[in-house]
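Novice: Here it is, the structure in full.
The values are calculated or read from the model by the stated rules, or taken from the named source; none is laboratory data. Just so it is clear, the model here is predicted, and its values are computed rather than measured. Here Cβ is always computed from backbone atoms with ideal geometry, including for glycine, and neighbour counts include all displayed protein chains. Side chains included, ligands, DNA and RNA excluded: accessible areas come from the protein's heavy atoms. Shrake-Rupley method; radii C 1.70, N 1.55, O 1.52, S 1.80 Å.
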Amino acid sequence: MLVYGFINSVILMMIALGFSITFGISRVANFSHGGFYILGGILTWYGLIKLGLPYFLSAGLSIIIVGIIGAVMYRVVLVRLRGLELSEVIATFSLGIVILELLRGLGVFGYEFRNPVFIDGSVEIFGVGVGIQRIIIVCAGAVLLLILHVFVHHTKMGLAFRGVAQQEHTALSVGINPDQVSMLSLAMGSIMCALAAVLILPLGVISVDEGYDILIKALAVCIIGGLESTLGVLVAAFIIGYIEVLTSMYISSSLTSVIPLACMLVILLIRPSGIFGKSKEIEERV
Amino acid sequence: MEYLKIENLRKTFGGVVAVDNVSFDVEQGTLLGIIGPNGSGKTTTVNLITGFLKPDSGKVLFKGRDIAGLRASKITNLGIGRTFQMVKPFYRLPAFKNLVVPLFSPRVKRMGGHYGEKDTLALDILEDIGFERDSAVPYKPASILPHGYLKRLEMARVIALQSELIVFDELYSGLTLAEVASISPMIEKLIETGKTIIMVEHRLKELFKIAHKIVVLDQGKKIAEGSPREIMKQPSVKKAYLGVEL
Ligand SMILES: Nc1ncnc2c1ncn2[C@@H]1O[C@H](COP(=O)(O)OP(=O)(O)O)[C@@H](O)[C@H]1O
Ligand SMILES: [Mg+2]
């Protein structure tokens, strides 16, 4: 239980991280997250199975392609909608649906759509057998968090990102182009989303419906944690991760998919800005 | 060729004409003061010059090039810096990191340097502007600094940027006389080092001591222009400033 809850939580964190990074920097809620996730998985599958590319090449290319799609989506569509939050959500959600339904139309359904695990086998931890893929996911999650922390706090680009997130006008006044930063934040978020897909999808089959599920999970984790807080994502992932595992063990596994949503509703009721969210600062006029 | 030439600048918000066919020139190496009652269009003029707003019509010629409507970050990188009337620091960054951001801007890129190396430079600038170096002040997040420090941080930011034309929007408002007295010489020093300055200001007495020329706005229109001495005598200015002792 301890071990599985932990792994489940890290998986949730990986799923939510891309969404949270993009939102934290550019305030774009990327509702095509689920579409990007499945796209990352299916592109990897296509390169690997249909084109016969080496696994890591295929995965790498897929991640890059999804990153580029994220950046292009900002450059072509979102840049015109800045500030119109509802339009942003509709635009990104539409793209997500287009991707997912297109894949469904192309016949992505069934057991054959499945990425192999990186390394077969399992090891025993605290008396529980754990697949090596899951161990890789946990390690990758830790490394990703570390890289993210170093990037945000110890590079000049990270500093510019924080500047834009904290005070867009001032960033403009010191020569930073917020549109460029936002585009990069979408690329980064999309890359993290595809990376999560590459790592996590080998645990099951690639199905279009999971795309919608992934979006909801990412949303739930981010809203519970507080939308722009990476620490919040981590904590919320662990809360939901363990509640899910507990529910499937002691109540019913058919209820687990409701858990993230239930937690989200509870948090929205008692603390709308999330556990680590800051209540909105008052917007001042220029 | 004029250094900065504003031509028939106009900006409306819905039915409100915030800036109404305003024209004036700024000579290189001089300080222009813009005054006028609240709501007379001073901040809007600043926003039009610095790219934070697009004019409905009119030109902003900077060294002969029309920069009206260019992206603000672009204008910054051409050498025009600004401060905000309502202070806008990066609240969750320490004071000195607030300056590291402009120190990395394309404008000062040629100085080189990696992350971390610019911290010293930032601390130097802060020390010059009155953040006691040995105290904890430069390391505190901007969110907990008192107003006087935040105003100075606004100024430090454009100094870090090495802008050649600096637009201050009510830099002195909310500052004590002593604080103003310590900042005024710094502004004169900026002029001496060849910078050009536009100061939107309500503190007329302090402004008139250092300004070369004054433009007076009222309800979006330019109602007077001239040396501080001339402006003080203008009846129309006195009327716009009813009750204010010049
Ligand atoms: N963003 C805005 N939206 C609508 N009206 C505005 C906006 N900015 C300024 N105004 C209006 O334009 C006029 C000039 O304002 P402003 O330039 O801020 O004056 P000042 O800086 O001289 O006090 C005012 O009537 C103000 O209400
Ligand atoms: Mg103003």
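Each row is one residue, and each column tells you yes or no for (1) of a type in the set (A, V, I, L, M); (2) under 16 Å from the mean Cα position of the chain (by Cα); (3) within 16 Å of B:Val158 (Cβ to Cβ); (4) within 16 Å of ligand 2 (Cβ to nearest atom).
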residue: B:Met1; (1), (2), (3), (4): yes, no, no, no
residue: B:Phe24; (1), (2), (3), (4): no, no, no, no
residue: B:Glu27; (1), (2), (3), (4): no, yes, no, no
residue: B:Gly64; (1), (2), (3), (4): no, no, no, no
residue: B:Arg82; (1), (2), (3), (4): no, yes, yes, yes
residue: B:Val87; (1), (2), (3), (4): yes, yes, yes, yes
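Novice: Would you check which residues across the stretch B:122-157 are loosely packed, with under 15 Cβ neighbours inside 10 Å and in contact with an Asp or Glu (Cβ under 7 Å, 6 or more places away or on another chain) and list them?
Specialist: Across the stretch B:122-157, the qualifying residue is only B:Arg133.
Novice: While we're looking at this one, here's another question. Only one of these is of a type in the set (Val, Ile, Thr), away from chain A (no Cβ under 14 Å) and away from ligand 1 (no atom under 16 Å from the Cβ): B:Ile159, B:Ile183. Name it.
Specialist: Selected residue: B:Ile183, the only one of B:Ile159, B:Ile183 that is of a type in the set (Val, Ile, Thr), away from chain A (no Cβ under 14 Å) and away from ligand 1 (no atom under 16 Å from the Cβ).
Novice: Follow-up question, since we're still on this one. Going by the conditions given, is B:Leu190 surrounded by fewer than 20 Cβ atoms within 10 Å (Cβ to Cβ), in a helix (DSSP H, G or I) and either of a type in the set (Ser, Thr, Tyr) or on the phi < 0 side of the Ramachandran plot (or both)?
Specialist: In short, yes.
Novice: Let me ask something else about it. Going by the conditions given, is A:Val181 open to solvent by less than 20 Å² (accessible area, probe 1.4 Å), within 25 Å of A:Val89 (Cβ to Cβ) and of a type in the set (A, V, I, L, M)?
Specialist: So A:Val181 passes the test.
Novice: Do you know which of the residues in the stretch B:86-97 that are more than 8 Å from chain A (Cβ to nearest Cβ) and surrounded by fewer than 24 Cβ atoms within 10 Å (Cβ to Cβ) is farthest from B:Met1 (Cα to Cα)?
Specialist: The extreme case among them is B:Pro94.
Novice: (1) over 30 Å from B:Tyr91 (Cα atoms); (2) more than 19 Å from the chain's Cα centre (by Cα); (3) not polar (S, T, N, Q): which one isn't true of A:Arg271, the others all being true?
Specialist: Result: A:Arg271 fails condition (1) only.
Novice: Considering only residues that are out of contact with any Leu (no Cβ under 7 Å at 6 or more places or on another chain) and open to solvent by 10 Å² or more (accessible area, probe 1.4 Å), look in the stretch B:29-51 and name the one that is nearest to ligand 2 (Cβ to nearest atom).
Specialist: Checked the stretch B:29-51; the qualifying residue nearest to ligand 2 (Cβ to nearest atom) is B:Thr43.
Novice: Does any residue of the stretch B:165-175 turn out to be away from ligand 1 (no atom under 16 Å from the Cβ) and among the small types (Gly, Ala, Ser)?
Specialist: Checking the stretch B:165-175: not a single residue is away from ligand 1 (no atom under 16 Å from the Cβ) and among the small types (Gly, Ala, Ser).
Novice: Pull out all pairs, ordered by first then second residue, where Cβ-Cβ is under 9 Å, the residues are six or more apart or on different chains, the first lies in the stretch B:168-188 and is among the polar types (S, T, N, Q), and the second is within 16 Å of ligand 2 (Cβ to nearest atom).
Specialist: These pairs meet every condition: B:Ser173/B:Gln85; B:Ser173/B:Lys151; B:Ser173/B:Glu201; B:Ser173/B:His202; B:Ser173/B:Arg203; B:Ser184/B:Tyr172.
Novice: Just one of (1) among the charged types (D, E, K, R); (2) within 16 Å of ligand 2 (Cβ to nearest atom); (3) at pLDDT below 95 trips up B:Arg110, so point out which.
Specialist: (2)
Novice: Answer with yes or no whether A:Phe151 is within 28 Å of B:Lys97 (Cα to Cα), aromatic (Phe, Trp, Tyr) and at pLDDT 90 or above.
Specialist: Yes.
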